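Everything on this sheet refers to the single structure shown next.
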Amino acid sequence: MTKGYIIFTTPRSGSTLLCRLLGATGVAGAPNSHFHVPTLEGWLEDYDLAQADYAGELEASRAVVAAALARGRGETEVFGMRVQRESFPFFLRQMHLLAPGAEGDMAAIEAVLGDLVPVYLRRGAKLDQAISYIRAEQTGLWHQAPDGSEVERLSPPRPPVYDGAAIAARLRQALAEEADWEAWFAEAGVEPLRLTYESLAADPETEVARILAALGQPVAAASGLEPGVAKIADALNRDWAARFKAEEPDLAAAGVAG
């Protein structure tokens, strides 16, 4: 069975940073959102596969899983992936489709993907998370390298504009998604290895070493790691946070830290 890990997370929680750090160890696969778009068509497109080549949904899903396992291992023996909460329901349905006899959600996931260490990455400062998301959505820039070059841009550049309603909606969604993860962990009997964006940013070597240890990989591989993405937040984010706290004190208080 494949040895690996699955990172449960939500947008703007540091999962790209974590995936790049784990990949840089050389012993923890090539983690990414290997099942990101919540449709079979999206899965197939991501791996340059065509539905017409398969007899049905089951066969097509099996082909995607085979491709994802190969991509997620990279040049190692360890498979790595992350899954966002919004993508999880479809992902879970496909896992049960592929493992109809599995008793429980995690059993279905592991029947398809192999033995996995569950990792939960969350961001304590939900207000900062919401602001980060809205700014990235507005500007189109989602990740940049430490040297300032762009790593991921999803739309043409636009100037950021404060939008309290958008921040509030995203903050509520971040809080709801975290509650959904916790509810699923309890229902599925999953006790993940827990990390926060804040702890990862402060001490990436220690946090990556914790995952390597859980995988039975040499923790020394975490030594000397350099983040592949840089923090984008600046004074503008702080100004937006201050303004939002003045406008929505109760909601802001729920999303300041936790």
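Quick look at the numbers
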{"read-out": "Convex hull volume of the stretch 1-73 per residue (C-alpha atoms, cubic angstrom)", "value": "99"}
{"read-out": "Dipole axis of the chain (+1 Lys, Arg; -1 Asp, Glu on Cβ), positive-most option in Gly56, Ala168, Val112", "value": "Ala168"}
{"read-out": "Sequence-separation-based contact order of the chain, relative, with Cα cut under 8 Å and 6+ spacing, percent", "value": "27"}
{"read-out": "Debye log10 I(q)/I(0) for the chain, one point scatterer per Cα, at q = 0.07, 0.10, 0.17 Å⁻¹", "value": "-0.25, -0.52, -1.39"}
{"read-out": "Distance in nm between pseudo-label sites at Asp115 and Arg194 (7 Å out along the Cβ direction from Cα)", "value": "2.5"}
{"read-out": "Percentage, to the nearest whole number, of Cα pairs in the stretch 168-253 over 22 Å apart", "value": "52"}
{"read-out": "In nm, spacing of pseudo-spin labels at Asp239 and Phe90 (7 Å Cα→C-beta vector)", "value": "3.8"}
{"read-out": "Set of aspartates and glutamates near Lys245 by C-alpha distance (under 12 Å), chain-local residues within fewer than 8 positions excluded", "value": "Asp128"}
{"read-out": "Estimated inter-spin distance, Val37 and Glu205, nm [label 7 Å along Cα→Cβ]", "value": "4.1"}
{"read-out": "Accessible carbon and sulfur surface of the chain relative to its total accessible area, %, 1.4 Å", "value": "52"}
{"read-out": "For the chain, with +1 on Lys and Arg beta carbons and -1 on Asp and Glu, the positive-most of Ala183, Gly72, Ala242 along the dipole", "value": "Ala242"}
{"read-out": "Förster radius 30 Å - calculated FRET efficiency between Ala99 and Ala213, Cβ distance, rounded to 0.05", "value": "0.60"}
{"read-out": "Potential extension, Glu57-Asp180 segment - 0.36 nm per residue separation minus Cα distance", "value": "41.5 nm"}
{"read-out": "Reciprocal of mean inverse Cα separation for the stretch 37-182 (Kirkwood radius, Å)", "value": "17.9"}
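The values are calculated or read from the model by the stated rules, or taken from the named source; none is laboratory data. Keep in mind the model is a prediction, meaning the values are calculated, not measured. Reconstructed Cβ throughout: ideal geometry from the backbone, glycine too, with neighbour counts over all protein chains shown. Note: accessible area is taken over every heavy atom of the protein model, side chains too, but ligands, DNA and RNA are not part of it. Shrake-Rupley method; radii C 1.70, N 1.55, O 1.52, S 1.80 Å.
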